[in-house]
Structures are given as C-alpha cells and as structure tokens.
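Asks: Let me begin by handing over the structure; questions about it come next.
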Amino acid sequence: MKLFFRRVRSVAAKEYKHILRDPFTLVVALVLPLIFVGMFGFVIDLDYKHMRLYVRDNDQTSVSRRFLQEVSSSGYFDQTPLHSPARADEALQKNNTPAVLIIKPGFGRRVKALDPADPARAQLLTDGTDNVQASIIQIYMRGIVQAASSLFTGGAEGASSLIRTRFLFNPELSSRWFIVPALSTVIIGLLAIMLTALTVAKEWENGSMELLLSTPVRPAEIILGKLIPYFCLSLFDVLVVFVLALTVFGIPFEGSFLLYMLACAVYVTGALALGLVISVVTRQQQAAIQFAFAVGLLPSFIFSGFIFPIENMPLFFQYFTALFPQRWFLLISRTLFLSDAGFAPLAPAFAGIGLFACVMIILAVFKFKTDVEP
C-alpha cells in the first residue's frame with residue numbers, strides 16, 4: 001500500500017510540473033471559465049423585455065389610455081401608435097413588430113358597465129413565425145389584462161382577485177437565476193473533460209505515455225495520479241464560477257455549501273475520468289477535442305434540462321437523459337442555489353453522478369490495462 005501511494009504521488013507530481021510548463025492547460029483552466037461565465041451569463045437571457053408593440057386605440061377614452069399606460073409600465077412592451085388600420089397588417093408582414101394591439105370602440109364604456117353579455121373588446125395580433133415569442137407575449141398580456149381588470153373594477157369582478165400567486169425560490173422569475181446556476185454544469189463538465197482528454201492525448205502523440213506504461217507503475221496508479229492535479233484545478237474552477245455567480249450576477253445561494261462541493265467533486269471526478277477514456281480511444285489531440293466538445297456540450301444543452309424541459313420530451317428520451325450526469329448535477333446545482341434542500345431529496349441525483357463517476361473510472365482503468373497487456 002505504501003508503494004502504491006508513492007507511485008501515485010510520483011505520477012501526480014509529474015503531472016503537476018507538466019501543468020505549470022504547459023501554457024495551453026493553464027489558459028484552459030484559468031481563463032476559459034471567466035470567458036464562458038461572462039459570455040453565457042450575460043448573453044443568454046430568456047426574459048423578453050421592451051418588445052415593440054404597435055397600438056391602435058379606436059376608443060380614445062380615459063379607460064383605454066389608462067389600460068395602455070398599464071401595458072407600457074409593465075416593462076415588457078415599447079408602444080408605437082398606429083394611425084391607420086392598414087398599417088397593422090403591414091407592420092406584421094414586414095416584421096417591424098412581433099405584435100399589434102387594437103382597442104375597439106366602446107372599450108371604456110363596456111369596462112365600466114361590467115356586463116358579461118357585452119364585454120370590453122381588444123384584439124392582440126401576434127407574429128406566429130416565432131411561436132415561442134408569440135406565446136410569451138400572450139402570457140404577458142394576459143397578466144396585464146388581469147391587473148388592469150382588478151384596477152378598473154376595484155377587485156370585485158376581476159379574475160385576478162380570485163387567486164393570489166406567489167413564486168417561491170425565484171420571486172421575480174428572473175431567467176438569470178435559472179441559467180447561471182446551470183452554467184456550472186456546462187463549464188465545469190466541459191473543462192474537466194478537456195483538461196484530461198487533450199493533455200493526455202498529447203502524451204500519446206509525443207510517445208511519453210508509452211514510456212510511462214512501460215514502467216512498473218500500474219494503470220490504476222496512473223489514473224489516480226493523473227486525476228489528482230486536474231481534480232484540484234477543476235475544483236478551483238468550481239470556486240471561480242461560484243464566486244462570479246454570487247458577486248457579478250447577484251444569484252443567492254440558499255443551500256449547503258459542503259453539499260454543493262461534494263456534488264462538484266463527484267461530478268468533476270466522472271468528467272475527468274471520461275476525458276481519460278477519450279484520450280485512450282483517440283490518442284490524437286484533434287480527435288480528442290472533437291469528442292470532448294461532443295460529449296461535454298451536447299448533453300449539457302439538450303439532455304440536461306438546461307434549455308429544453310425534460311418533462312416535455314418523449315418518454316424514451318426522458319429515461320435516456322438519466323444516463324448523462326449533466327442532468328443530475330444541474331438538478332443539484334439549481335436546487336442548492338435557490339433553496340435550502342438537504343441531502344434526502346437530492347439522493348437520486350447524487351446516485352446518478354456517483355454511478356457515472358464509478359463507471360468512467362473503471363472504464364479508464366480497463367482501457368489502460370488493455371494498452372499495457374500485449
């Protein structure tokens with residue numbers, strides 16, 4: 001056992017010196033997290049605000065003007081008046097606006113009358129070529145109408161007075177609170193895979209890996225010795241992303257920091273082992289980086305729930321996503337950032353990333369053994 005740890009320490013020390021001498025590895029580990037967090041954190045925003053809305057007010061009463069004031073004060077729309085009905089269709093056809101709001105004559109009188117048989121009328125025309133934006137505009141406008149209805153009727157007849165909605169964990173429904181905690185899944189996983197895949201593939205190209213395999217050092221000792229330096233470097237990236245999320249983007253952290261770091265440690269271990277497997281299979285840096293991006297980026301965006309809700313996928317793909325650790329780590333990251341959940345509700349997610357890490361380590365050791373044995 002003492003000899004085992006001496007060999008592991010020797011491989012780890014060799015890898016540590018290699019990292020310090022390799023500027024590419026340092027750039028990947030220290031600079032890319034800052035670039036990725038800044039790029040994804042500021043660019044990806046699912047909140048639609050200040051959308052151009054063409055408005056045609058055919059009522060011209062105090063009620064209609066107050067309603068349009070509510071629409072403008074919501075912050076979702078920037079109004080542009082229309083002076084002729086023909087320009088409404090023209091604006092949509094020329095893609096000048098995603099929506100047109102037309103208030104019909106008698107709007108104010110019908111609002112004050114509160115007659116269910118003769119309700120107030122307004123028409124919202126949306127550009128259906130972008131169905132996502134059209135659906136969001138409809139949702140936004142429905143909320144504005146409910147708020148305005150409660151304002152005009154004093155809450156007596158307004159639908160908004162029947163139910164009170166409160167959003168837990170994300171009171172303002174900020175998409176940044178939703179996206180930034182998930183960035184650790186993409187950034188940490190991709191960097192961890194690239195660190196081992198590219199550097200070890202470089203050793204295969206240079207022939208130094210064959211020299212290392214010809215020594216008495218066993219494959220398991222090589223795996224462990226190579227994982228330790230990159231594991232520490234990846235955990236440093238974890239702290240960088242964590243600090244940026246709290247300080248730059250103002251994301252709260254409500255859960256257990258120790259539990260979060262434990263999840264990061266298991267997730268990073270699996271990603272590093274996957275990088276080693278890629279390096280053994282490809283043995284070329286160009287092929288390794290292609291595989292690293294394929295297995296690091298695609299599952300993070302498609303099968304993790306980062307962009308596309310897993311619940312909306314076909315049943316087969318809902319089960320298929322369970323094979324990817326990105327799905328489980330994203331669940332842990334979002335939950336611990338925005339709520340104070342303990343270990344029990346996250347146990348299945350921990351089991352998912354833990355099983356993946358074990359499988360990747362075993363596979364990496366097995367692949368190294370097949371290269372050692374003739």
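Asks: Considering only residues that are under 28 Å from F231 (Cβ atoms) and exposed (fewer than 15 other Cβ atoms within 10 Å of the Cβ), look in region 35-66 and name the one that is farthest from the chain's Cα centre (by Cα).
Replies: Selected residue: I35.
Asks: Which of the helices (runs of 4 or more DSSP H) found entirely inside region 147-266 contain at least 1 residues meeting this: at pLDDT 85 or above?
Replies: Those helices (runs of 4 or more DSSP H) span 175-206, 219-247.
Asks: Looking only at region 273-302, which residues are surrounded by 21 or more Cβ atoms within 10 Å (Cβ to Cβ), touching a Phe, Trp or Tyr at 6+ places or on another chain (Cβ under 7 Å) and under 24 Å from T335 (Cβ atoms)?
Replies: S300
Asks: In the list T321, T370, which residue meets the criterion of being modelled with pLDDT of 90 or more, polar (S, T, N, Q) and part of a helix (DSSP H, G or I)?
Replies: T321
Asks: When you go through G342, G352 one by one, which is the residue that is without any contact (Cβ under 8 Å) to a residue 60 or more places away in the chain, of a type in the set (G, A, S) and assigned by TED's automatic domain parsing to the domain that holds L258?
Replies: After ruling out the rest, the residue left standing is G352.
Here's the yes/no breakdown for (1) at pLDDT 80 or above; (2) under 41 Å from the mean Cα position of the chain (by Cα); (3) among the basic types (K, R):
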position	(1), (2), (3)
D89	no, yes, no
A99	yes, yes, no
G108	no, no, no
D118	no, no, no
S135	no, yes, no
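Asks: Among the residues of region 351-361, are any more than 30 Å from L213 (Cβ to Cβ), part of a helix (DSSP H, G or I) and among the hydrophobic types (A, V, I, L, M, F, W, C)?
Replies: Yes: region 351-361 contains one or more residues that are more than 30 Å from L213 (Cβ to Cβ), part of a helix (DSSP H, G or I) and among the hydrophobic types (A, V, I, L, M, F, W, C).
The values are calculated or read from the model by the stated rules, or taken from the named source; none is laboratory data. Predicted, not measured: the structure shown is a model, and the values here were computed from it. Here Cβ is always computed from backbone atoms with ideal geometry, including for glycine, and neighbour counts include all displayed protein chains.
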